[in-house]
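K.L.:
Here it is, the structure, as structure tokens.
The values are calculated or read from the model by the stated rules, or taken from the named source; none is laboratory data. Given the structure is predicted, the values throughout are model-derived calculations rather than measurements. Ideal geometry is used to build each Cβ from the backbone, glycine not excepted, and the neighbour counts take in all protein chains shown.
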Amino acid sequence: MSSTTRRSILRIVGFIVSILLTLTGILLMRRQELLAGILLIVGSLVLFLVLSRSIEKNPPTDDDVNSLKPYLFPALFSIAALVLTAMLIFNGTDYNRTTSLNHWATAEWLLSMSCLAIGVFWISRWKPIHPKAVLDWIKTNPVEFGLVILIIIASLVVRMIALTGHPYPWSGDEASIGTEAHRILSAENTNWFNTGWSGQPNVSFLPTVFSMLLFGENIFAVRMTSVITGLAGILALYLLAREWFGRETALIASGFLVAYPFHLQFSRIGVDNIFDSLMVPLVLWLIFRAVRTKSLPTYLLAGIAAGFALYTYVGTRLVIAMGIGTFIYIIIKQKGYLKSSLPHLGIYFTGLAVTIAPMVTFFIKFPTLFMTRIGQENILLNGWLPNQVAQTGQTAWKILLEQFTQTVLVFVSQNASSNFLNFDRPYLTILGAIFFLIGLGVAFRHLFDQRFFILQAWFWSVLALGGFLTVSPPANTRLLMTIPATALFIALGAWEVSRILLQLKFKPVWVYSLNVVLLFILAFQNLFFYFGTYRERYYFQDANAELAMEAGLQLQQLGTEYDYYLLGIPRVFAGFPTTEFLNPGTPKYDLRADGIADLVLVPKRGAFLVAIPENENLLRQIIDKYPGGTWQVVYRKVREEVLYYAYILTQDLISSP
């Protein structure tokens with residue numbers, strides 16, 4: 001492309017930009033941002049007049065026009081994407097939300113990404129992979145293909161076994177996500193670009209919405225979302241590991257995740273944390289593949305994938321920083337990359353910007369919602385560290401060292417006994433820890449290789465931001481992003497040992513067989529623990545969640561003509577998320593000791609009255625007022641003790657006491 005043609009392209013691009021800026025200025029003025037709107041319009045009109053004058057004085061030649069024709073169609077779609085994004089931001093600043101406005105915003109978001117994709121795919125002359133090429137690859141690599149299929153099937157099987165019954169009981173967080181999905185399905189919530197439960201963007205609940213459409217509004221559907229996400233994470237890890245280190249390391253790493261209890265647990269619980277283990281390998285794989293192939297569509301997909309990290313679990317936002325950091329490191333390490341890849345980087349960041357635009361608009365308007373969980377948990381932001389220094393008399397560095405030690409040791413020697421796991425062992429078995437440490441050493445030895453550097457930066461940044469710089473480390477929910485990295489370290493360790501054995505003239509078939517045996521031993525150890533000891537002893541147990549689940553199921557069986565009364569104070573409340581998810585719309589009441597004397601049950605309604613063991617005497621006072629009902633004692637599944645006392649009154653038994 002000649003310099004004259006480049007100048008013509010720049011003039012035309014500037015001409016279009018000036019029109020878009022004028023549109024933006026008008027939209028700002030309609031939002032009563034008069035000064036900003038006027039300044040933008042004046043600037044855009046000046047740019048328009050300068051460029052139009054320049055085009056008049058130096059019109060493009062026929063050769064210039066012909067060279068621009070291939071770019072015209074994709075340029076129109078790219079411009080449409082930017083216009084739609086501007087309209088989306090404009091709509092996003094209107095907080096008098098209506099259902100119609102929300103639907104328009106959703107359509108603008110989806111169309112903006114689609115238009116950008118069409119433009120990029122068109123200009124790159126992308127063609128889908130021919131089925132014959134796929135079949136040829138399978139014929140060339142039958143063993144690898146067969147092993148990948150086996151890994152996916154095995155992963156699905158172990159994640160489906162007794163899915164609704166283990167782990168037990170259902171957690172309130174799972175139910176909260178199910179409730180948010182129900183609100184979207186019932187059109188109670190139509191604004192995708194807002195936050196819901198626990199400050200999570202509403203888009204994060206859409207996978208559960210799709211699962212509920214397939215499987216119904218039940219706990220199976222909620223947990224099935226995590227099963228699919230976990231499987232996708234294993235596949236993404238395989239692709240990244242193969243891109244970085246080859247097929248052997250990829251097969252070992254993804255094979256290890258099949259039965260890794262940490263990953264297995266969160267692949268079976270219906271919470272969004274599992275997205276951490278998917279988004280990192282997916283985005284890094286797309287970035288490194290884009291850099292290697294120089295494919296514009298892959299750069300775009302990498303940017304869009306990174307953008308979606310803003311819409312999932314709070315900790316997943318680190319993926320956006322990882323993507324930017326990865327490009328910075330590649331620019332530093334690869335001479336000439338920045339100069340030769342500016343258009344590619346532009347597409348990546350355009351894809352990222354278009355994807356995150358509506359959510360960024362929301363967070364700019366409500367910055368406290370963006371910082372909710374971060375501000376609560378980070379010890380440098382919530383005042384925890386100076387308070388600990390004052391209370392203990394220790395130096396800040398000593399406290400941070402203790403935090404660091406507690407976080408790191410959970411992989412090899414300290415029990416993962418905190419929330420959502422309650423393991424009586426570390427993340428890794430002794431055998432797994434050995435290869436993990438070997439792999440960690442291998443990665444340090446090759447630290448300045450960009451693959452190993454990014455891997456180490458990934459692992460240690462999560463340990464810092466999700467581990468020792470947060471309250472009560474190690475918090476399992478904040479360390480899920482280390483799962484794929486841990487599997488990679490184990491695979492690197494195993495393959496390093498294999499390389500040494502090959503150098504010692506061991507037969508390759510024996511070396512490969514040893515790796516298979518290693519994976520089988522690790523899988524047996526992990527599955528024996530997870531489906532044996534861990535399940536049989538109900539380490540996941542929680543009395544309040546168990547009561548909410550069992551009482552909720554019993555109330556569900558009684559039907560919608562029954563009201564729910566709970567004597568659970570101070571431990572548990574009637575509107576516990578699990579009970580609410582199982583019985584949406586059913587009236588629920590918390591009863592207190594000082595309100596028993598004045599209690600009047602609703603006439604022409606059945607009553608399901610439940611009391612925790614500590615409040616049995618209060619329930620018996622109600623029986624004196626309303627005799628004739630059915631008394632039940634419900635025992636815990638996890639140990640020999642009463643879970644709750646229940647008293648059931650049919651409609652005909654409820655009248656004035």
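K.L.:
Test THR578 against the criterion of being out of contact with any His (no Cβ under 9 Å at 6 or more places or on another chain), part of a loop (DSSP other than H, G, I, E, B) and among the polar types (S, T, N, Q), and give yes or no. Break it down into steps so the answer makes sense when it comes.
P.N.:
Details: out of contact with any His (no Cβ under 9 Å at 6 or more places or on another chain): yes; part of a loop (DSSP other than H, G, I, E, B): no; among the polar types (S, T, N, Q): yes.
No.
K.L.:
Out of SER114, SER211, I need the residue that is buried (at least 17 other Cβ atoms within 10 Å of the Cβ) and assigned to a helix (DSSP H, G or I). Which one? Steps first, answer last, please.
P.N.:
Numbers: SER114 fails: buried (at least 17 other Cβ atoms within 10 Å of the Cβ).
Only one candidate qualifies: SER211.
K.L.:
Assess whether GLY552 counts as being at pLDDT below 95 and among the small types (Gly, Ala, Ser).
P.N.:
On the way: at pLDDT below 95: no; among the small types (Gly, Ala, Ser): yes.
No; evaluated as a whole, the condition is false for this residue.
K.L.:
Of all residues in region 557-575, count the ones that are assigned to a loop (DSSP other than H, G, I, E, B), more than 29 Å from the chain's Cα centre (by Cα) and either buried (at least 21 other Cβ atoms within 10 Å of the Cβ) or of a type in the set (Asp, Glu) (or both).
P.N.:
Counting residues in region 557-575 that are assigned to a loop (DSSP other than H, G, I, E, B), more than 29 Å from the chain's Cα centre (by Cα) and either buried (at least 21 other Cβ atoms within 10 Å of the Cβ) or of a type in the set (Asp, Glu) (or both) gives 3.
K.L.:
Which condition breaks for GLN541 when tested against (1) within 22 Å of ASN419 (Cβ to Cβ); (2) assigned to a helix (DSSP H, G or I)?
P.N.:
All conditions pass for GLN541, except number (2).
K.L.:
What residue, of ASN378, ASN415, ASN382, is closer than 23 Å to TYR530 by Cβ, in the same structural domain as PHE327 (by TED's automatic domain parsing) and either surrounded by 20 or more Cβ atoms within 10 Å (Cβ to Cβ) or not small (Gly, Ala, Ser) (or both)? Working first, answer last.
P.N.:
On the way: ASN378 fails: closer than 23 Å to TYR530 by Cβ; ASN382 fails: closer than 23 Å to TYR530 by Cβ.
Exactly one residue qualifies, and that residue is ASN415.
K.L.:
Taking the residues in region 523-545 that are under 17 Å from ASP173 (Cα atoms) and not polar (S, T, N, Q) as candidates, determine which candidate is farthest from the chain's Cα centre (by Cα). Break it down into steps so the answer makes sense when it comes.
P.N.:
Filtering region 523-545 for residues under 17 Å from ASP173 (Cα atoms) gives 540-545.
The next check asks that each one be not polar (S, T, N, Q); those that pass are 540, 542-543, 545.
Details: PHE540: 22, ASP542: 25, ALA543: 28, ALA545: 23 Å.
Checking each candidate, the answer is ALA543.
K.L.:
Looking at VAL360, VAL408, can you tell me which residue is within 20 Å of ALA475 (Cα to Cα) and part of a helix (DSSP H, G or I)? Break it down into steps so the answer makes sense when it comes.
P.N.:
Numbers: VAL360 fails: within 20 Å of ALA475 (Cα to Cα).
Every option except VAL408 fails the conditions.
K.L.:
Taking the condition of being loosely packed, with under 14 Cβ neighbours inside 10 Å and in a helix (DSSP H, G or I), how many residues in region 442-463 meet it?
P.N.:
2
K.L.:
A follow-up question, please. Looking at (1) among the β-branched types (Val, Ile, Thr); (2) surrounded by 13 or more Cβ atoms within 10 Å (Cβ to Cβ); (3) at pLDDT below 90; (4) under 30 Å from MET224 (Cα atoms), find the lone condition where THR85 falls short.
P.N.:
The number of the failed condition is (4).
K.L.:
Evaluate the following for GLU496: is it among the charged types (D, E, K, R) and in contact (Cβ under 8 Å) with a residue 60 or more places away in the chain?
P.N.:
Judged against the criteria, GLU496 is not a match.
K.L.:
Residues that are aliphatic (A, V, I, L, M), without any contact (Cβ under 8 Å) to a residue 40 or more places away in the chain and touching a helix residue (DSSP H, G or I) at 6+ places or on another chain (Cβ under 7 Å): which helices (runs of 4 or more DSSP H) entirely in region 283-345 hold 2 or more of them? Before you say what the answer is, go through the steps one by one.
P.N.:
Details: elements: 296-308, 318-333, 337-340.
Correct list: 318-333.
K.L.:
Quick check on my filter: what residues within region 324-352 are touching a Phe, Trp or Tyr at 6+ places or on another chain (Cβ under 8 Å) and crowded, with 23+ Cβ neighbours inside 10 Å?
P.N.:
Once the filter is applied, which keeps residues that are touching a Phe, Trp or Tyr at 6+ places or on another chain (Cβ under 8 Å) and crowded, with 23+ Cβ neighbours inside 10 Å, region 324-352 yields ILE347, TYR348, GLY351.
K.L.:
Taking ARG159 as the residue in question, decide whether it is touching a residue at least 40 places away in the same chain (Cβ under 8 Å) and either in contact with a strand residue (DSSP E or B) (Cβ under 9 Å, 6 or more places away or on another chain) or of a type in the set (Lys, Arg) (or both). Explain how you work it out, then say what you get.
P.N.:
Numbers: touching a residue at least 40 places away in the same chain (Cβ under 8 Å): yes; either in contact with a strand residue (DSSP E or B) (Cβ under 9 Å, 6 or more places away or on another chain) or of a type in the set (Lys, Arg) (or both): yes.
Judged against the criteria, ARG159 is a match.
K.L.:
Further, regarding this structure: Being in contact (Cβ under 8 Å) with a residue 24 or more places away in the chain and within 17 Å of VAL471 (Cβ to Cβ) is true for just one of ASN422, ASN378, ASN387. Which residue is that? Spell out the reasoning first.
P.N.:
Working: ASN422 fails: within 17 Å of VAL471 (Cβ to Cβ); ASN387 fails: in contact (Cβ under 8 Å) with a residue 24 or more places away in the chain.
Exactly one of ASN422, ASN378, ASN387 is in contact (Cβ under 8 Å) with a residue 24 or more places away in the chain and within 17 Å of VAL471 (Cβ to Cβ), namely ASN378.
K.L.:
Any idea which of (1) free of Cβ contacts under 8 Å to residues at least 24 places away in the same chain; (2) assigned to a helix (DSSP H, G or I) is the one ALA232 doesn't satisfy?
P.N.:
Exception for ALA232: condition (1).
K.L.:
So, in region 165-195, exactly how many residues are over 20 Å from the mean Cα position of the chain (by Cα) and among the acidic types (Asp, Glu)?
P.N.:
1
K.L.:
Does any residue in region 96-117 that is in contact (Cβ under 8 Å) with a residue 60 or more places away in the chain come within less than 6 Å, Cβ to Cβ, of a residue that is in a loop (DSSP other than H, G, I, E, B) six or more places away or on a different chain, and which pairs are these?
P.N.:
ARG97/ASN191; THR99/THR190; ASN102/THR190; ASN102/ASN191; THR106/TRP192
K.L.:
Has region 130-145 got any residue that is assigned to a loop (DSSP other than H, G, I, E, B) and surrounded by fewer than 11 Cβ atoms within 10 Å (Cβ to Cβ)? Walk me through it before giving the result.
P.N.:
Quick first cut of region 130-145, residues assigned to a loop (DSSP other than H, G, I, E, B) only: 130, 141.
If we keep only those that are surrounded by fewer than 11 Cβ atoms within 10 Å (Cβ to Cβ) as well, we get 130.
Yes - at least one qualifying residue is present in region 130-145.
K.L.:
Output the qualifying pairs, or none if there are none: Cβ atoms under 6 angstrom, residues six or more apart or on different chains, first residue in region 533-551 and charged (D, E, K, R), second residue assigned to a loop (DSSP other than H, G, I, E, B).
P.N.:
Listed pairs, sorted by first residue: ARG535/HIS166; GLU546/PRO169.
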